[in-house]
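Here is the structure we will look at, set down as structure tokens.
We did not get these values from a lab; they are worked out from the coordinates using the rules stated. Values in this document were obtained by computation on a predicted structure and should not be read as measured data. Cβ atoms come from the backbone with ideal geometry, glycine included; neighbour counts cover every protein chain shown.
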Amino acid sequence: MAIIITEDCINCGACEPECPNGAIYEPAANWQFTYKTEVKGMFTAKSGLTVDADAEQAAVSPDFYYIVPDKCTECVGFHDEPQCASVCPVDCCLPDPAHVESKDELTLKKDSLHP
């Protein structure tokens, strides 16, 4: 299950540098698959999205920090728990019920981002 940042976010930015996959972005910031990953060229994400990994994708949230589900592995393969949730001062980094994934699926996602 990917993590989601709720509307309770105070935009402190504590979470962003902690993400090993570069899945967390500032409000209204566009994102890329290449940021903090080893993805190159054309890339097909778990969601089925196929894009040039260098291409900028539209921001997910204009108002608060957000997590790109296709890049979030809940820190599987890097840490024992999601680092965003462990550093968030207002506990707004929560499991995303819209993106339920097993540990094996999260490991496969991690391996696709860091081949």
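A compact table of results
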{"quantity": "Mean-position separation - Cα centroids, region 33-52 and region 67-85, in angstrom", "calculated": "17"}
{"quantity": "Share of Cα-Cα pairs in region 52-115 lying beyond 19 Å, as whole percent", "calculated": "38"}
{"quantity": "Options Y66, V39, A55, ranked by Cα towards positive dipole end of region 2-69, top entry (Cβ charges)", "calculated": "V39"}
{"quantity": "For the chain, size of Cβ-based charge dipole, Lys and Arg +1, Asp and Glu -1, in debye", "calculated": "320"}
{"quantity": "For the chain, convex hull of alpha carbons as volume per residue, Å³", "calculated": "89"}
